[in-house]
Amino acid sequence: MSHTPVQPGTSTEQDASAASPFVEVDTLAGRVRGRWRPTVRHAGDAAGGRGAESSAAFLGIPFAEAPVGELRFAAPVPKAPWAGVRDALEFAPTAQRGDPGVTLIPEPSIEGDSTLNVNVFTPNPRTVAPGTAEALPVLVWIHGGGYFAGSPASPWYDGRNFNRDGVVTVSISYRLGFDGFGWIADAPSNRGVRDWLLALEWVQQNIAAFGGDPSRVTIAGQSAGGGAVLTLLGMEAAQHLFHGVYAISGATADVAPERAEALASKMAGELGVEPTLAGFRSVDEERLLEAQKTATAPSGSDAMNEMLELGLPLGPTIDGDLLRRPTTCSLTAGVGADKPLVLGATDDEFAMALMNAPKLLRFVPKSKLLKKSGLSKQVARDYLAANRAVAKHGNARLLGRLITDRMFKVPMLRTVAARATAAGTADVGGAGPVGAAGRTVAAGTWLYRFSWPSGTFGFAEHCLDVPFFFDCLDGPAMVPLAGPNPPQALADELHAAAVAFIASGDPGAGWPRWSDATRATRVYHTPSHMVDDGFASVRPLL
């Protein structure tokens, strides 16, 4: 079956999707069959000029062979061509295994071996010429999950409403945990990173067949996914694969090689094998996951501070090959300086982890609490002075804010400082090379805080901004995260700025680029507003 070429949002498109629920597209590896679905429109959308009323979903298209057997712990191998039409109607197997339990974002596990896939959502599934007016900008989404969990099959990552607004959307899968990131002496390093690269190569080679423009690709992700896109931003080998970056609560890893090797040796010892390709291949998936869980479990009274200082134990590793140096060092050297960047975090990413701790921490002096968290006396004093509004809510909220700042906001500000240094501007912490005040990063950097408090938690916790980004507040499992009535107007605003950035490399009027003169920060709230130096309360930690 072929699909009649149509323009998104037109009656021709609506007639075509009404005549048949299916649509087919030719990729380089073979033909795939997807399905039409409606987009979601809100009151006033027609007046606002929003376009496509339907979009096509192509789910579970393999970009690589199944990473099993001789391909386990190997670099990804591009998918071999197939004959006939391949159904792309359901999500494919995921690298995440088993029941993930209750998670902030619904990310189901799907059994099976062929875990390296892309999901493509498009309002106009027909071949276009890159760089032409009809070629649509592209968003590529990388899911989070601490580099050991997560799934691209979440209903929240459905790109239908980006499609409604003229953006082709792709979500990708990648190997997780030790399979994706564990050090093995005689195996390729950073296999999960290599999966990202091959998926992005697939986008470059195939997205024009889905109406997308390979010369306008924005990569985005949240948490570990946000860290992933920052890692790619600082990677020389990835620069030709994307043109903009949107990092939501980015958690970079930059695992030191000696730390990665020590973890592998520890796991090999528990499994009774050599830390080699043959040794780890001799262990089945279930046993390996159990050993991974044991080896990465926090232990000792200082485990939290160690994690905040060193980062996650599994993730992109400084291997001297793909990752030649820590990401901030690469950015300081100018890698990725030509790519526009939006990045930010929620105000209280991990305060929810201490929801049951107020009574336990109630009588601990704040100065002692901060000292126990690894701050010097002077830094603790300065930090407390800068965060008195949070401290009024109690020690649990203060400690939750500190964890949030150390894990997400300090690395974020160092990312901005690195790009500023590369462009010859002042460092955000005031300690780096100083250039002319007010100069901006070459391609533009925009900072935001998501401050709207969840109706469930009472503060802006981890993952809360994701459904606003995708404009999917009508999606499942929303109440546990956001409460019963999250504001659609805020989703309209945040999503529209994301669309503008993906389409043009700029989130739009009213949101200035970051510069050292103002350190302009968008605060997403009701109402949203701009502030100068929106992360001043974090600076004592720099």
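When Gly60 is evaluated against the numbered criteria (1) touching an Asp or Glu at 6+ places or on another chain (Cβ under 7 Å); (2) modelled with pLDDT of 95 or more; (3) farther than 30 Å from Ala491 by Cα, which criterion, by number, is the only one it fails?
Among (1) touching an Asp or Glu at 6+ places or on another chain (Cβ under 7 Å); (2) modelled with pLDDT of 95 or more; (3) farther than 30 Å from Ala491 by Cα, the lone unmet condition for Gly60 is (3).
Which residues, counting only those in the stretch 298-317, are part of a loop (DSSP other than H, G, I, E, B) and either surrounded by fewer than 16 Cβ atoms within 10 Å (Cβ to Cβ) or of a type in the set (A, V, I, L, M) (or both)? Spell out how you get there, then give the answer.
Filtering the stretch 298-317 for residues part of a loop (DSSP other than H, G, I, E, B) gives 298-302, 311-316.
Passing the criteria: Pro298, Ser299, Gly300, Ser301, Asp302, Leu312, Leu314.
Residue by residue, here is whether (1) of a type outside the set (Val, Ile, Thr); (2) outside the structural domain of Gly146 (by TED's automatic domain parsing); (3) over 18 Å from Asp254 (Cβ atoms) holds:
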{"residue": "Asn161", "(1), (2), (3)": "yes, no, yes"}
{"residue": "Val167", "(1), (2), (3)": "no, no, yes"}
{"residue": "Tyr174", "(1), (2), (3)": "yes, no, no"}
{"residue": "Ile184", "(1), (2), (3)": "no, no, yes"}
{"residue": "Arg191", "(1), (2), (3)": "yes, no, no"}
{"residue": "Leu200", "(1), (2), (3)": "yes, no, yes"}
{"residue": "Arg216", "(1), (2), (3)": "yes, no, yes"}
{"residue": "Gly226", "(1), (2), (3)": "yes, no, no"}
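Within the stretch 348-368, is there a residue that is at pLDDT 90 or above, under 20 Å from Val416 (Cβ atoms), crowded, with 17+ Cβ neighbours inside 10 Å and under 21 Å from the mean Cα position of the chain (by Cα)?
At the first step, the residues of the stretch 348-368 found to be at pLDDT 90 or above are 348-349.
Filter again for under 20 Å from Val416 (Cβ atoms), leaving 349.
Now restrict to residues that are crowded, with 17+ Cβ neighbours inside 10 Å: 349.
Among the residues that remain, those that are also under 21 Å from the mean Cα position of the chain (by Cα) are: 349.
Within the stretch 348-368 (the criterion being at pLDDT 90 or above, under 20 Å from Val416 (Cβ atoms), crowded, with 17+ Cβ neighbours inside 10 Å and under 21 Å from the mean Cα position of the chain (by Cα)), the answer is yes, since at least one residue qualifies.
One residue is enough: does the stretch 34-56 have a residue meeting the conditions of a type in the set (Asp, Glu), surrounded by fewer than 23 Cβ atoms within 10 Å (Cβ to Cβ), in contact with a Pro (Cβ under 7 Å, 6 or more places away or on another chain) and not in a strand (DSSP E or B)? Give the steps one after another, and end with the answer.
In the first step, residues of the stretch 34-56 are kept if they are of a type in the set (Asp, Glu); the result is 45, 53.
Next, only the ones that are surrounded by fewer than 23 Cβ atoms within 10 Å (Cβ to Cβ) stay: 45, 53.
From what's left, in contact with a Pro (Cβ under 7 Å, 6 or more places away or on another chain): 53.
If we keep only those that are not in a strand (DSSP E or B) as well, we get 53.
Yes, some residue in the stretch 34-56 is of a type in the set (Asp, Glu), surrounded by fewer than 23 Cβ atoms within 10 Å (Cβ to Cβ), in contact with a Pro (Cβ under 7 Å, 6 or more places away or on another chain) and not in a strand (DSSP E or B).
Inside the stretch 368-404, can you point out the residues that are in contact with an Asp or Glu (Cβ under 9 Å, 6 or more places away or on another chain) and part of a helix (DSSP H, G or I)?
Of everything in the stretch 368-404, those that are in contact with an Asp or Glu (Cβ under 9 Å, 6 or more places away or on another chain) and part of a helix (DSSP H, G or I) turn out to be Tyr383, Val390, Arg397, Gly400, Arg401, Ile403, Thr404.
Any idea which of Pro130, Pro152 is touching a strand residue (DSSP E or B) at 6+ places or on another chain (Cβ under 7 Å) and at pLDDT below 95?
Values: Pro152 fails: at pLDDT below 95.
One residue alone meets the criteria, Pro130.
Every residue in the stretch 519-541 that is of a type in the set (A, V, I, L, M, F, W, C), buried (at least 17 other Cβ atoms within 10 Å of the Cβ) and in contact with a helix residue (DSSP H, G or I) (Cβ under 7 Å, 6 or more places away or on another chain), please.
Within the stretch 519-541, Phe535, Val538, Leu541 qualify.
Could you check the stretch 327-374 and list, in sequence order, the residues that are under 16 Å from Met407 (Cβ atoms) and of a type outside the set (A, V, I, L, M, F, W, C)? Steps first, please.
Of the residues in the stretch 327-374, the ones under 16 Å from Met407 (Cβ atoms) are 327-328, 343-354, 370, 373-374.
Result: Thr327, Thr328, Gly344, Thr346, Asp347, Asp348, Glu349, Ser373, Gly374.
Which one of these is more than 21 Å from the chain's Cα centre (by Cα) and surrounded by 15 or more Cβ atoms within 10 Å (Cβ to Cβ): Asp506, Asp516, Asp471, Asp492? Reasoning before the result, please.
Working: Asp506 fails: more than 21 Å from the chain's Cα centre (by Cα); Asp471 fails: more than 21 Å from the chain's Cα centre (by Cα); Asp492 fails: more than 21 Å from the chain's Cα centre (by Cα).
Checking each option against the conditions leaves just Asp516.
Search the stretch 121-152 for residues being within 16 Å of Ile502 (Cα to Cα) and among the aliphatic types (A, V, I, L, M), and hand back the single one that is surrounded by the fewest Cβ atoms within 10 Å (Cβ to Cβ).
Among them, the one singled out is Ala133.
Can you tell me which residue among Ile110, Ile61 is among the β-branched types (Val, Ile, Thr), within 20 Å of Ala199 (Cβ to Cβ), in the same structural domain as Ala199 (by TED's automatic domain parsing) and part of a loop (DSSP other than H, G, I, E, B)? Steps first, answer last, please.
On the way: Ile61 fails: part of a loop (DSSP other than H, G, I, E, B).
Matching residue, one of Ile110, Ile61: Ile110.
Answer with yes or no whether Ala95 is within 26 Å of Ala477 (Cβ to Cβ), part of a strand (DSSP E or B) and not basic (Lys, Arg). Spell out the reasoning first.
Values: within 26 Å of Ala477 (Cβ to Cβ): yes; part of a strand (DSSP E or B): no; not basic (Lys, Arg): yes.
No.
For the stretch 239-282, what are the residues that are in contact with a Ser or Thr (Cβ under 7 Å, 6 or more places away or on another chain) and acidic (Asp, Glu)?
Correct list: Asp254, Glu270.
Could you go through the stretch 328-349 and let me know if any residue there is part of a helix (DSSP H, G or I), in contact (Cβ under 8 Å) with a residue 60 or more places away in the chain and in the same structural domain as Ala423 (by TED's automatic domain parsing).
Step one: list which residues in the stretch 328-349 are part of a helix (DSSP H, G or I), which gives 328-332.
Next, only the ones that are in contact (Cβ under 8 Å) with a residue 60 or more places away in the chain stay: 328-332.
The next check asks that each one be in the same structural domain as Ala423 (by TED's automatic domain parsing); those that pass are none.
No: the stretch 328-349 contains no residue that is part of a helix (DSSP H, G or I), in contact (Cβ under 8 Å) with a residue 60 or more places away in the chain and in the same structural domain as Ala423 (by TED's automatic domain parsing).
The values are calculated or read from the model by the stated rules, or taken from the named source; none is laboratory data. Keep in mind it's a predicted model, so treat the numbers as computed, not measured. Cβ sites come from the backbone with ideal geometry, for glycine too, and all protein chains shown count toward neighbours.
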